[in-house]
Amino acid sequence: MKNTLAIIGSAMLLGSFGMPAPLAAHGDAAEKPDIPDDYPSYAFVCPDGGYESGCDEMTLENAVSLEGADQAAFTTRCLYQTAADCSVISSGRIQRAGIEQVLDWQLLQLQPSDGPAAEMIVLAQVEGDDQQLLISRQVDGYFDPPFVARDGDGRFLLHVPARNRGLGNADILLFTSGHGWNWTTAALVTNQVDRLLPVGFSVASPISFNLREASAFALVRRDDDAGCCATGGVVNIDFEQGDFTLDVAGIGFTETTPVGETLRAGPQGEGSESE
(Lines give C-alpha, C1' and ligand atoms only; values in the text may rest on other atoms or scores of the structure.)
Protein backbone atom coordinates (compact mmCIF):
# COMPACT_ATOMS: atom_id res chain seq x y z
CA MET A 1 0.00 0.00 0.00
CA LYS A 2 1.24 3.50 -0.83
CA ASN A 3 0.35 6.27 1.63
CA THR A 4 0.01 10.02 1.24
CA LEU A 5 -1.02 12.47 3.96
CA ALA A 6 -3.32 15.48 3.66
CA ILE A 7 -4.15 17.83 6.57
CA ILE A 8 -7.26 19.98 6.29
CA GLY A 9 -8.05 22.87 8.64
CA SER A 10 -10.75 23.80 11.14
CA ALA A 11 -14.49 24.09 10.58
CA MET A 12 -17.58 24.85 12.66
CA LEU A 13 -19.56 21.71 13.40
CA LEU A 14 -22.62 23.05 15.16
CA GLY A 15 -23.78 26.64 15.45
CA SER A 16 -26.99 26.28 17.45
CA PHE A 17 -29.25 23.59 18.87
CA GLY A 18 -29.53 20.97 16.17
CA MET A 19 -28.56 23.27 13.30
CA PRO A 20 -25.23 22.78 11.51
CA ALA A 21 -23.29 25.93 10.71
CA PRO A 22 -21.91 26.50 7.19
CA LEU A 23 -18.37 25.43 6.49
CA ALA A 24 -15.63 27.34 4.75
CA ALA A 25 -14.01 25.51 1.85
CA HIS A 26 -10.46 24.23 2.23
CA GLY A 27 -8.14 23.06 -0.52
CA ASP A 28 -9.61 20.39 -2.77
CA ALA A 29 -12.81 20.43 -0.74
CA ALA A 30 -13.70 23.75 -2.45
CA GLU A 31 -14.52 21.79 -5.62
CA LYS A 32 -16.86 19.33 -3.92
CA PRO A 33 -20.60 19.71 -4.50
CA ASP A 34 -22.77 20.62 -1.57
CA ILE A 35 -23.59 17.63 0.61
CA PRO A 36 -27.17 17.73 1.91
CA ASP A 37 -27.63 17.85 5.66
CA ASP A 38 -29.54 14.60 5.91
CA TYR A 39 -31.57 14.04 9.05
CA PRO A 40 -32.33 10.30 9.06
CA SER A 41 -35.68 9.32 10.48
CA TYR A 42 -35.45 7.84 13.97
CA ALA A 43 -39.19 7.18 14.39
CA PHE A 44 -39.70 3.43 14.21
CA VAL A 45 -42.23 2.39 16.88
CA CYS A 46 -45.09 4.85 17.10
CA PRO A 47 -47.35 5.69 20.04
CA ASP A 48 -50.17 3.68 18.40
CA GLY A 49 -47.99 0.56 18.68
CA GLY A 50 -47.37 0.22 14.95
CA TYR A 51 -44.05 0.08 13.11
CA GLU A 52 -43.40 3.26 11.08
CA SER A 53 -47.15 3.92 11.14
CA GLY A 54 -46.87 7.61 10.34
CA CYS A 55 -45.29 9.25 13.40
CA ASP A 56 -42.25 11.51 13.44
CA GLU A 57 -39.65 12.44 16.07
CA MET A 58 -41.76 15.30 17.42
CA THR A 59 -44.61 12.84 17.96
CA LEU A 60 -42.24 10.56 19.89
CA GLU A 61 -41.06 13.45 22.06
CA ASN A 62 -44.62 14.50 22.85
CA ALA A 63 -45.41 10.92 23.88
CA VAL A 64 -42.75 10.90 26.61
CA SER A 65 -44.27 11.67 30.01
CA LEU A 66 -41.98 12.82 32.84
CA GLU A 67 -44.83 13.59 35.22
CA GLY A 68 -43.99 12.07 38.59
CA ALA A 69 -40.90 10.41 37.12
CA ASP A 70 -38.40 10.10 39.97
CA GLN A 71 -35.23 8.02 39.77
CA ALA A 72 -37.18 4.83 40.53
CA ALA A 73 -39.53 5.53 37.63
CA PHE A 74 -36.63 5.65 35.18
CA THR A 75 -35.64 2.21 36.45
CA THR A 76 -39.02 0.50 36.41
CA ARG A 77 -41.48 2.39 34.19
CA CYS A 78 -41.59 2.94 30.43
CA LEU A 79 -41.85 6.72 30.13
CA TYR A 80 -42.73 6.51 26.44
CA GLN A 81 -46.50 6.29 26.12
CA THR A 82 -47.07 3.64 23.45
CA ALA A 83 -49.39 0.72 22.76
CA ALA A 84 -46.35 -1.38 21.77
CA ASP A 85 -44.74 -3.73 24.26
CA CYS A 86 -42.22 -1.57 26.13
CA SER A 87 -39.72 -2.61 28.78
CA VAL A 88 -36.81 -0.91 30.55
CA ILE A 89 -33.58 -2.77 29.75
CA SER A 90 -31.21 -0.43 31.63
CA SER A 91 -31.21 2.92 33.39
CA GLY A 92 -28.92 5.20 35.32
CA ARG A 93 -28.16 8.60 36.84
CA ILE A 94 -25.31 10.97 36.01
CA GLN A 95 -24.27 13.55 38.61
CA ARG A 96 -22.60 16.59 37.11
CA ALA A 97 -19.47 17.80 38.88
CA GLY A 98 -19.85 20.73 41.27
CA ILE A 99 -23.52 21.53 40.62
CA GLU A 100 -26.84 20.25 41.91
CA GLN A 101 -27.97 18.87 38.59
CA VAL A 102 -28.44 15.26 37.58
CA LEU A 103 -29.27 13.48 34.35
CA ASP A 104 -31.58 10.47 34.55
CA TRP A 105 -31.79 8.08 31.60
CA GLN A 106 -33.45 4.85 30.57
CA LEU A 107 -32.99 2.51 27.62
CA LEU A 108 -36.18 0.92 26.36
CA GLN A 109 -36.89 -2.10 24.19
CA LEU A 110 -39.96 -1.60 22.01
CA GLN A 111 -41.80 -4.42 20.24
CA PRO A 112 -44.41 -3.13 17.80
CA SER A 113 -47.41 -5.18 16.72
CA ASP A 114 -46.33 -5.44 13.09
CA GLY A 115 -42.56 -5.05 12.79
CA PRO A 116 -39.10 -5.61 14.25
CA ALA A 117 -38.06 -4.49 17.72
CA ALA A 118 -36.32 -1.16 18.24
CA GLU A 119 -34.57 0.55 21.13
CA MET A 120 -35.16 4.02 22.57
CA ILE A 121 -33.33 6.29 24.98
CA VAL A 122 -35.07 8.81 27.22
CA LEU A 123 -32.76 11.26 29.02
CA ALA A 124 -33.84 14.17 31.20
CA GLN A 125 -32.19 16.90 33.23
CA VAL A 126 -33.43 17.07 36.82
CA GLU A 127 -33.07 20.16 39.02
CA GLY A 128 -35.16 19.77 42.14
CA ASP A 129 -38.78 19.35 41.06
CA ASP A 130 -38.04 20.61 37.54
CA GLN A 131 -37.41 18.14 34.73
CA GLN A 132 -36.39 18.87 31.16
CA LEU A 133 -36.45 16.22 28.45
CA LEU A 134 -33.13 16.36 26.59
CA ILE A 135 -33.16 13.23 24.42
CA SER A 136 -35.90 10.93 23.15
CA ARG A 137 -34.46 8.95 20.26
CA GLN A 138 -35.10 5.54 18.73
CA VAL A 139 -32.79 3.34 16.69
CA ASP A 140 -33.47 0.29 14.56
CA GLY A 141 -30.55 -1.34 16.33
CA TYR A 142 -29.11 -0.68 19.77
CA PHE A 143 -27.87 1.91 22.25
CA ASP A 144 -24.98 1.59 24.65
CA PRO A 145 -25.31 3.38 28.01
CA PRO A 146 -24.40 7.10 27.86
CA PHE A 147 -21.17 8.18 29.48
CA VAL A 148 -19.51 11.47 30.39
CA ALA A 149 -16.55 12.31 28.16
CA ARG A 150 -15.84 15.73 29.73
CA ASP A 151 -16.85 17.43 32.99
CA GLY A 152 -15.53 19.60 35.80
CA ASP A 153 -13.78 22.32 33.78
CA GLY A 154 -16.79 24.42 32.80
CA ARG A 155 -17.52 22.16 29.83
CA PHE A 156 -19.74 19.07 29.84
CA LEU A 157 -19.89 16.50 27.05
CA LEU A 158 -22.06 13.39 27.08
CA HIS A 159 -21.63 10.60 24.52
CA VAL A 160 -24.55 8.28 23.70
CA PRO A 161 -23.21 5.47 21.48
CA ALA A 162 -25.78 3.95 19.12
CA ARG A 163 -25.99 1.87 15.96
CA ASN A 164 -28.65 1.45 13.29
CA ARG A 165 -28.79 -1.92 11.55
CA GLY A 166 -27.08 -1.59 8.19
CA LEU A 167 -26.79 2.20 8.51
CA GLY A 168 -23.82 2.56 10.84
CA ASN A 169 -23.51 5.14 13.60
CA ALA A 170 -26.43 6.81 15.27
CA ASP A 171 -24.37 8.31 18.13
CA ILE A 172 -25.62 11.43 19.92
CA LEU A 173 -23.23 14.01 21.41
CA LEU A 174 -24.86 16.28 24.01
CA PHE A 175 -22.92 19.24 25.40
CA THR A 176 -23.16 22.45 27.44
CA SER A 177 -21.00 25.06 29.12
CA GLY A 178 -23.78 26.10 31.48
CA HIS A 179 -25.65 28.23 28.92
CA GLY A 180 -28.21 25.73 27.64
CA TRP A 181 -27.85 22.41 25.85
CA ASN A 182 -26.70 21.69 22.32
CA TRP A 183 -26.30 18.43 20.45
CA THR A 184 -25.01 16.86 17.29
CA THR A 185 -25.02 13.35 15.85
CA ALA A 186 -22.70 10.99 14.04
CA ALA A 187 -24.64 11.67 10.83
CA LEU A 188 -23.99 15.43 11.10
CA VAL A 189 -20.31 14.86 11.91
CA THR A 190 -20.06 12.63 8.83
CA ASN A 191 -21.60 15.31 6.61
CA GLN A 192 -19.20 17.94 7.94
CA VAL A 193 -16.09 15.79 7.49
CA ASP A 194 -17.22 14.77 3.98
CA ARG A 195 -17.09 18.44 3.03
CA LEU A 196 -13.46 18.62 4.13
CA LEU A 197 -12.26 15.49 2.35
CA PRO A 198 -10.92 15.78 -1.20
CA VAL A 199 -13.23 15.22 -4.14
CA GLY A 200 -14.02 11.54 -4.66
CA PHE A 201 -13.74 10.53 -0.98
CA SER A 202 -16.27 10.23 1.85
CA VAL A 203 -16.48 8.84 5.38
CA ALA A 204 -17.34 5.15 5.71
CA SER A 205 -19.50 4.56 8.78
CA PRO A 206 -18.97 3.84 11.60
CA ILE A 207 -17.02 6.72 13.06
CA SER A 208 -15.08 5.54 16.12
CA PHE A 209 -15.30 8.32 18.71
CA ASN A 210 -12.75 8.86 21.49
CA LEU A 211 -14.23 11.99 22.98
CA ARG A 212 -12.23 11.80 26.19
CA GLU A 213 -9.30 12.59 23.90
CA ALA A 214 -11.43 14.94 21.74
CA SER A 215 -10.83 12.81 18.67
CA ALA A 216 -12.32 10.22 16.35
CA PHE A 217 -11.34 8.20 13.31
CA ALA A 218 -13.07 6.43 10.43
CA LEU A 219 -12.29 4.58 7.26
CA VAL A 220 -12.66 6.52 4.02
CA ARG A 221 -14.29 5.20 0.87
CA ARG A 222 -13.78 6.16 -2.72
CA ASP A 223 -16.82 7.07 -4.79
CA ASP A 224 -16.43 3.89 -6.85
CA ASP A 225 -15.88 1.51 -3.90
CA ALA A 226 -18.16 -1.47 -3.56
CA GLY A 227 -20.61 -1.30 -0.66
CA CYS A 228 -18.66 -3.89 1.30
CA CYS A 229 -15.24 -2.26 1.22
CA ALA A 230 -13.64 1.12 1.86
CA THR A 231 -10.29 1.51 0.09
CA GLY A 232 -9.66 5.25 0.41
CA GLY A 233 -7.69 5.29 3.67
CA VAL A 234 -8.25 6.67 7.16
CA VAL A 235 -9.39 10.06 8.46
CA ASN A 236 -8.52 11.29 11.96
CA ILE A 237 -10.80 13.97 13.39
CA ASP A 238 -9.95 16.46 16.16
CA PHE A 239 -12.70 18.25 18.09
CA GLU A 240 -12.72 21.44 20.13
CA GLN A 241 -15.60 22.35 22.43
CA GLY A 242 -16.61 25.99 22.71
CA ASP A 243 -19.26 27.75 24.77
CA PHE A 244 -22.07 26.78 22.39
CA THR A 245 -20.40 24.55 19.82
CA LEU A 246 -18.50 21.37 19.22
CA ASP A 247 -16.02 22.22 16.48
CA VAL A 248 -14.06 20.06 14.09
CA ALA A 249 -10.67 21.60 14.82
CA GLY A 250 -9.05 19.72 11.93
CA ILE A 251 -8.81 16.41 10.12
CA GLY A 252 -5.87 14.33 8.97
CA PHE A 253 -6.55 12.21 5.91
CA THR A 254 -4.14 9.38 5.09
CA GLU A 255 -4.92 8.06 1.62
CA THR A 256 -4.12 4.44 0.86
CA THR A 257 -3.70 3.51 -2.79
CA PRO A 258 -3.88 -0.20 -3.72
CA VAL A 259 -1.07 -1.39 -5.98
CA GLY A 260 -1.02 -4.65 -7.92
CA GLU A 261 -3.85 -7.18 -8.03
CA THR A 262 -6.53 -7.64 -5.39
CA LEU A 263 -6.97 -11.36 -4.68
CA ARG A 264 -10.17 -12.73 -3.18
CA ALA A 265 -10.75 -16.30 -1.97
CA GLY A 266 -13.35 -18.34 -0.12
CA PRO A 267 -12.79 -19.97 3.29
CA GLN A 268 -11.27 -23.09 1.72
CA GLY A 269 -9.31 -21.22 -0.92
CA GLU A 270 -11.99 -21.93 -3.53
CA GLY A 271 -13.42 -19.42 -5.94
CA SER A 272 -10.28 -17.26 -6.05
CA GLU A 273 -10.34 -14.29 -8.35
CA SER A 274 -8.24 -11.24 -9.05
CA GLU A 275 -9.00 -7.68 -10.03
Test: residue in region 91-103 that is in contact (Cβ under 8 Å) with a residue 24 or more places away in the chain, farther than 23 Å from Asp48 by Cα and crowded, with 20+ Cβ neighbours inside 10 Å
yes
Qualifying residue in region 212-221 (condition: outside the structural domain of Glu52 (by TED's automatic domain parsing), over 13 Å from the mean Cα position of the chain (by Cα), crowded, with 19+ Cβ neighbours inside 10 Å and not hydrophobic (A, V, I, L, M, F, W, C)):
yes
Would you mind stating whether Ala118 is in contact (Cβ under 8 Å) with a residue 12 or more places away in the chain, in contact with a His (Cβ under 7 Å, 6 or more places away or on another chain) and not aromatic (Phe, Trp, Tyr)?
no
Single residue of Thr184, Thr190 found to be part of a strand (DSSP E or B), assigned by TED's automatic domain parsing to the domain that holds Cys228 and under 22 Å from Gln138 (Cα atoms):
Thr184
Taking Leu66, is it at pLDDT below 90, surrounded by 12 or more Cβ atoms within 10 Å (Cβ to Cβ) and among the hydrophobic types (A, V, I, L, M, F, W, C)?
no
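Listed here are the residues, each with its yes/no results for (1) free of Cβ contacts under 8 Å to residues at least 24 places away in the same chain; (2) within 12 Å of Met120 (Cα to Cα); (3) not in a loop (DSSP other than H, G, I, E, B).
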position	(1), (2), (3)
Pro47	no, no, no
Cys55	yes, no, no
Met58	yes, no, yes
Leu66	no, no, no
Ala69	no, no, no
Ala72	yes, no, yes
Val88	yes, yes, yes
Within region 208-230, can one find any residue that is assigned to a loop (DSSP other than H, G, I, E, B) and under 25 Å from Met120 (Cα atoms)?
no
Between a residue in region 197-221 that is within 13 Å of Gly168 (Cα to Cα) and any residue that is among the charged types (D, E, K, R), which pairs come within a Cβ distance under 6 Å, given they are 6 or more apart or on different chains?
Val203/Asp194; Ala204/Arg221
Just a yes or no: is a residue in region 28-43 modelled with pLDDT under 50, over 20 Å from the mean Cα position of the chain (by Cα) and surrounded by 12 or more Cβ atoms within 10 Å (Cβ to Cβ)?
yes
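Here's the yes/no breakdown for (1) at pLDDT below 85; (2) touching an Asp or Glu at 6+ places or on another chain (Cβ under 9 Å):
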| site | (1), (2) |
| --- | --- |
| Ala25 | yes, yes |
| Asp70 | no, yes |
| Ala73 | no, yes |
| Ser90 | no, no |
| Gln101 | yes, yes |
| Ala118 | no, yes |
Which of the following residues is touching a His at 6+ places or on another chain (Cβ under 9 Å) and at pLDDT 90 or above: Ile172, Ile135, Ile207?
Ile172
Within region 120-128, can one find any residue that is outside the structural domain of Asp243 (by TED's automatic domain parsing), touching a Ser or Thr at 6+ places or on another chain (Cβ under 7 Å), of a type in the set (S, T, N, Q) and not in a loop (DSSP other than H, G, I, E, B)?
no
Can you name every residue in region 78-90 that is surrounded by fewer than 17 Cβ atoms within 10 Å (Cβ to Cβ) and either more than 21 Å from the chain's Cα centre (by Cα) or within 17 Å of Pro116 (Cα to Cα) (or both)?
Gln81, Ala83, Asp85, Ser87, Ile89
Looking at region 148-170, is at least one residue small (Gly, Ala, Ser), over 24 Å from Ser65 (Cα atoms), without any contact (Cβ under 8 Å) to a residue 40 or more places away in the chain and assigned to a strand (DSSP E or B)?
yes
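The values are calculated or read from the model by the stated rules, or taken from the named source; none is laboratory data. Everything numeric in this text was worked out from a predicted model, so none of it was measured. Using ideal geometry, Cβ is built from the backbone for each residue, glycine included, and neighbour counts are taken over all protein chains shown.
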